[in-house]
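For reference, the structure is listed below as structure tokens.
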Amino acid sequence: MLIKKTCGDVTEFKAARTLLGRPVYITHFFYLDGLLIDTGPRHNAREVFEALRNLPLEKVVITHQHEDHTGNCNMLSREMGVPVYAHPETIRVMSSPPDIEIYRKIMWGDSPPAEAFPLGQSVSAGPYTLQAIHTGGHSKDHVCYYEPSNGWLFSGDLYLGENLTGFMIGENIVEHLTSLQKLIALKPSLLFCGLKGRLDNGTERLKRKYDCWWDLCTRVTDLYEAGKSHREIFSKVFGREILFYYFSQSNWGRRYMLRSIINNIEYFKAAQKKESLSGFRQNL
Ligand SMILES: [Fe+2]
């Protein structure tokens, strides 16, 4: 399934596999005046090709290495001759993609090796200039693209929702929070999210996400300081592991979020102390 929707000058593409006629997991990618931001999953390659073949397409930029965003880079650069630009770490992974879990192959398909060029600090799209903002957390190489004159933030997989309580292996909570602070400071009006598409009230959404995760980290830190075991903290803060943990072959779960908080517990202890002294969050 590939659905095209116009949002002013931005064109939104909504891609997914379907099961019994219903989309299973949606990935969005976007087109703005000759620029494509992400490419959608490989399972949608033919539809993506048909949708883009009559559009003036000058270049592609990538938000991060995951296959639902890079799956058609190879097709776009080889068959359509469109150059792809990405973070150096994304380029490294795209040149030799790792084997991925079965659920990812089923939902999105793998990402064939593809060549890309290093991103600059900004990227042009007709009259628009987008700032490339490194925003680690979801993945080390994650980049958001911000168009300041309209307040548009192409947020890849950095936002996704406000009260998510699960991580893929390797996600880093401190990098997530630092990236959210960086994006909140820009005061974006609209988010163009990899999962949810166009969303209004961008800054407020980012703030709510930050506050939700900060409160969760505070609860974990308090319990850790009170001497509770990891199991007890997990049970009190997260409840049960989600079923998707098993479906994802242990690749995605609440336990990875807890692990990331505990791995960074000294950061949270110090930040809580600072917050109690000076109102750490008042700047946001
Ligand atoms: Fe992702």
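Gly227 meets each of the listed conditions (1) farther than 30 Å from Ile37 by Cα; (2) assigned to a helix (DSSP H, G or I) apart from (2). The selection criterion, being within 24 Å of Glu147 (Cβ to Cβ) and in contact with a helix residue (DSSP H, G or I) (Cβ under 6 Å, 6 or more places away or on another chain), holds for Thr39. Just checking, does the stretch 160-182 include any residue being of a type in the set (Phe, Trp, Tyr) and over 26 Å from Val123 (Cβ atoms)? Checked the stretch 160-182: at least one residue is of a type in the set (Phe, Trp, Tyr) and over 26 Å from Val123 (Cβ atoms).
Among the residues of the stretch 201-229, those identified as touching a helix residue (DSSP H, G or I) at 6+ places or on another chain (Cβ under 8 Å) and over 22 Å from Ala270 (Cα atoms) are Thr203, Leu206.
Scanning the stretch 230-242 for residues that are touching a helix residue (DSSP H, G or I) at 6+ places or on another chain (Cβ under 8 Å), of a type in the set (D, E, K, R) and not in a loop (DSSP other than H, G, I, E, B) yields Glu232, Lys236. Looking only at residues in the stretch 70-85 that are of a type outside the set (S, T, N, Q) and out of contact with any strand residue (DSSP E or B) (no Cβ under 7 Å at 6 or more places or on another chain), the one that is surrounded by the most Cβ atoms within 10 Å (Cβ to Cβ) is Gly71.
Kindly provide the set of residues from the stretch 180-227 that are assigned by TED's automatic domain parsing to the domain that holds Arg259, farther than 14 Å from Thr165 by Cα and not polar (S, T, N, Q), ordered by number. Within the stretch 180-227, Asp222, Leu223, Tyr224, Glu225, Ala226, Gly227 qualify.
Of the set (1) over 20 Å from Glu147 (Cβ atoms); (2) of a type in the set (Ser, Thr, Tyr); (3) buried (at least 17 other Cβ atoms within 10 Å of the Cβ), all apply to Thr203 but (1).
Between Glu50, Glu101, the distinction of being among the acidic types (Asp, Glu), in contact (Cβ under 8 Å) with a residue 60 or more places away in the chain and surrounded by fewer than 17 Cβ atoms within 10 Å (Cβ to Cβ) belongs to Glu101 only.
The values are calculated or read from the model by the stated rules, or taken from the named source; none is laboratory data. Predicted model only: the values in this text are computed from it and were never measured. Here the Cβ is made from the backbone with ideal geometry for all residues, glycine too, and neighbour counts use every protein chain on show.
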